[in-house]
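Contents: one structure, followed by commentary.
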Amino acid sequence: MWRIGQLARMAGVSDHTLRHYDKIGLLTPAAVDRATGYRWYGAAELTRLERIRGLQHLGLSLRQIADIVDAPDSQVRQALAERVAALRRDIAALSAVMTAAEDRLATPSTVLPQLTRVGPRRLRVRYVEVGHPSELKDLCAGTLLTWLSASPAGSFAAAMGTRGGDPLTLPARSVVRATVPPDVGVVRAGHDLFDWLHRHRLAPAGPTVEEHLVDGDGATAVVLEIPV
């Protein structure tokens, strides 16, 4: 039999770890001296400890290990298969983050686009023909819609949110959204947003929404949304 410190050195763990395993019922000592409180461990506890540590190294949590440490191999394999699937999802998410960061480093941009989901929206609009993007800033201080598949090369259709206008319903949709920085014009930000779509092989699936917002203190913000 070995005392807790001896077993800890043999297995390469700390005394604290063994006490924690005992506390959660994962690895109890073979015996505890009532007079001194010393924990004693035998070969069976060493074998169980090595199994616990092995499962930990395969990425399983202590809670998962507690459920399967005494289970047949088929149940252990099922837990490992689920862990591998979770790791693959984590790797895919991290890979997407890395790709986005690399794109940002490689291509300077005035905006930080985000892919998100928005609900349906009902509007009243007045349709207009725009000759150049620079004309947009004089058209509307509220909601503006444009039907573009890329940065405009000529005139294009637009619609301004207005009371008493024609009804227009925008369905629930996935959009690429970006807030225009205060020191950047909407036209430049729009160019950068369309360039971002092109690099990510996304195509507009409806009208771009340009929302001019004003808070209670009179501060303004412009949000661009392109459905994809």
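The values are calculated or read from the model by the stated rules, or taken from the named source; none is laboratory data. Only a predicted model underlies this, so the values are computations on that prediction, with no experimental measurement involved. Note that each Cβ is placed from the backbone with ideal geometry, even for glycine, and that neighbours are counted across all protein chains shown.
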Quiz item: Any idea which residue in segment 1-19 is surrounded by the fewest Cβ atoms within 10 Å (Cβ to Cβ), counting only those that are of a type outside the set (S, T, N, Q) and farther than 15 Å from Arg48 by Cα?
Solution: His16
Quiz prompt | Some residue of segment 146-155 being more than 25 Å from Arg104 (Cα to Cα), more than 32 Å from the chain's Cα centre (by Cα), surrounded by 13 or more Cβ atoms within 10 Å (Cβ to Cβ) and in the same structural domain as Ala221 (by TED's automatic domain parsing) | solution = no
Practice problem: Return only the number of the condition from (1) part of a loop (DSSP other than H, G, I, E, B); (2) at pLDDT 90 or above; (3) more than 23 Å from the chain's Cα centre (by Cα) that Pro204 does not satisfy. | Solution: (3)
Quiz item: So, of the residues in segment 52-94 that are β-branched (Val, Ile, Thr) and under 26 Å from the mean Cα position of the chain (by Cα), which turns out to be nearest to Val13 (Cα to Cα)?
Solution: Val84
Exercise. Could you tell me which numbered condition Glu135 fails, if it satisfies all but one of (1) under 30 Å from Gly218 (Cβ atoms); (2) part of a loop (DSSP other than H, G, I, E, B); (3) without any contact (Cβ under 8 Å) to a residue 12 or more places away in the chain?
Key: (2)
Exercise. Hey, could you check segment 207-228 for residues that are in contact (Cβ under 8 Å) with a residue 40 or more places away in the chain and in a loop (DSSP other than H, G, I, E, B) and say which is surrounded by the fewest Cβ atoms within 10 Å (Cβ to Cβ)?
Key: Val228
